[in-house]
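Okay, structure first, notes after.
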Amino acid sequence: MSPVPFSAVLLAAGSSSRMEGGFKQLLPLPTPNGLEPVVRVTARAILAAEPVEVVVVTGHRGREVMGALADLPVSFRSNPRHAEGQVTSVTAGLSALQASCTAVMVCLADMVLIQSEDYRTLADIFVDLPRDAILVPHHNGQRGNPVTFAASRVPEVLSGGINPGCRKLITDHPQDVVCREFSHDRYTTDMDTLADYVQIRDRLTK
């Protein structure tokens with residue numbers, strides 16, 4: 001287990017509006033276990049990092065997402081307001097956390113290149129940061145995910161004082177945000193379009 005007990009909120013509620021009719025959470029990707037849907041690839045990587053709890057936030061086609069993860073040790077929280085923006089899913093997931101933890105990671109379902117070791121690396125870095133730190137990975141100056149913050153700040157996030165998914169996070173909280181640069185692009189590579197999906201699928205096939 002990580003030296004920092006952390007919980008993960010996995011955001012999987014979106015409708016994949018830029019996928020030209022595809023639903024990215026359920027698109028198949030090659031893995032050592034055969035073809036698996038995107039959301040399952042990400043969930044398995046998070047679980048392998050040994051968090052104390054994983055809450056998956058569902059919305060669009062939520063029952064299918066739940067079905068893809070049914071045998072994994074995660075819990076689910078439906079967000080009927082997912083169309084209003086990502087912050088509603090962050091709030092839904094955080095409000096469903098129950099296990100005691102030191103830090104919380106807000107993870108995105110489509111970031112399938114992130115490995116279990118990458119999640120553990122963020123937890124390890126968080127050990128030595130100030131208590132109120134908000135850790136944001138970067139690559140070549142580009143902001144990445146997941147964002148990691150102290151569990152003690154969850155009430156502040158729920159009240160709207162902090163939005164860990166907001167692009168203005170760094171400018172709004174410069175005294176708390178710690179940007180850590182990484183040499184790889186796994187924290188910054190997501191899957192918004194079908195072209196993104198094809199590129200990532202090809203990377204995983206090599």
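Can you tell me which residue in segment 177-206 is modelled with the highest pLDDT, limited to those that are open to solvent by 60 Å² or more (accessible area, probe 1.4 Å) and in contact with a His (Cβ under 6 Å, 6 or more places away or on another chain)?
GLU181
Of the conditions (1) more than 30 Å from PRO30 (Cβ to Cβ); (2) surrounded by 13 or more Cβ atoms within 10 Å (Cβ to Cβ); (3) touching a residue at least 24 places away in the same chain (Cβ under 8 Å), VAL54 clears all except one; give me its number.
(1)
Name the residues in segment 22-42 that are closer than 22 Å to ASN79 by Cβ and either touching a residue at least 60 places away in the same chain (Cβ under 8 Å) or surrounded by fewer than 21 Cβ atoms within 10 Å (Cβ to Cβ) (or both), would you?
Scanning segment 22-42 gives GLY22, PHE23, LYS24, GLN25, LEU26, LEU27, VAL38, VAL39, VAL41, THR42.
State whether the residues of segment 107-128 include one that is more than 17 Å from VAL55 (Cα to Cα) and free of Cβ contacts under 8 Å to residues at least 24 places away in the same chain.
yes
Are any residues in segment 135-147 over 9 Å from THR188 (Cα atoms) and surrounded by fewer than 21 Cβ atoms within 10 Å (Cβ to Cβ), and if so, which ones?
Within segment 135-147, ASN140, GLY141 qualify.
If you take the residues of segment 57-75 that are free of Cβ contacts under 8 Å to residues at least 12 places away in the same chain and out of contact with any Ser or Thr (no Cβ under 9 Å at 6 or more places or on another chain), which of them is most open to solvent (accessible area, probe 1.4 Å)?
The qualifying residue most open to solvent (accessible area, probe 1.4 Å) is ARG63.
Consider SER7 carefully, then state whether it is of a type outside the set (Val, Ile, Thr), within 17 Å of the chain's Cα centre (by Cα) and either part of a loop (DSSP other than H, G, I, E, B) or over 24 Å from THR88 (Cα atoms) (or both).
Against the criterion (of a type outside the set (Val, Ile, Thr), within 17 Å of the chain's Cα centre (by Cα) and either part of a loop (DSSP other than H, G, I, E, B) or over 24 Å from THR88 (Cα atoms) (or both)), SER7 does not qualify.
Please determine, by comparing only the residues of segment 76-87 that are out of contact with any strand residue (DSSP E or B) (no Cβ under 7 Å at 6 or more places or on another chain) and without any contact (Cβ under 8 Å) to a residue 60 or more places away in the chain, which one is least open to solvent (accessible area, probe 1.4 Å).
So the residue we want is GLY85.
Could you grab me the full set of residues in segment 161-178 that are in contact (Cβ under 8 Å) with a residue 40 or more places away in the chain and under 17 Å from the mean Cα position of the chain (by Cα)?
Once the filter is applied, which keeps residues that are in contact (Cβ under 8 Å) with a residue 40 or more places away in the chain and under 17 Å from the mean Cα position of the chain (by Cα), segment 161-178 yields ASN163, PRO164, GLY165, CYS166.
Of all the residues that make up segment 148-176, how many are open to solvent by less than 40 Å² (accessible area, probe 1.4 Å) and closer than 24 Å to THR42 by Cβ?
12
Considering each residue of segment 111-125, count those that are surrounded by fewer than 22 Cβ atoms within 10 Å (Cβ to Cβ) and under 15 Å from GLU181 (Cα atoms), and give that number.
4
The values are calculated or read from the model by the stated rules, or taken from the named source; none is laboratory data. Just so you know, these numbers come straight off a predicted model, no measurement behind them. When we count neighbours, we look across all protein chains shown, and the Cβ atoms used for this are built from the backbone with ideal geometry, even at glycine. Side chains are part of the model used for accessible areas, which takes the heavy atoms of the whole protein and leaves out ligands, DNA and RNA. Shrake-Rupley method; radii C 1.70, N 1.55, O 1.52, S 1.80 Å.
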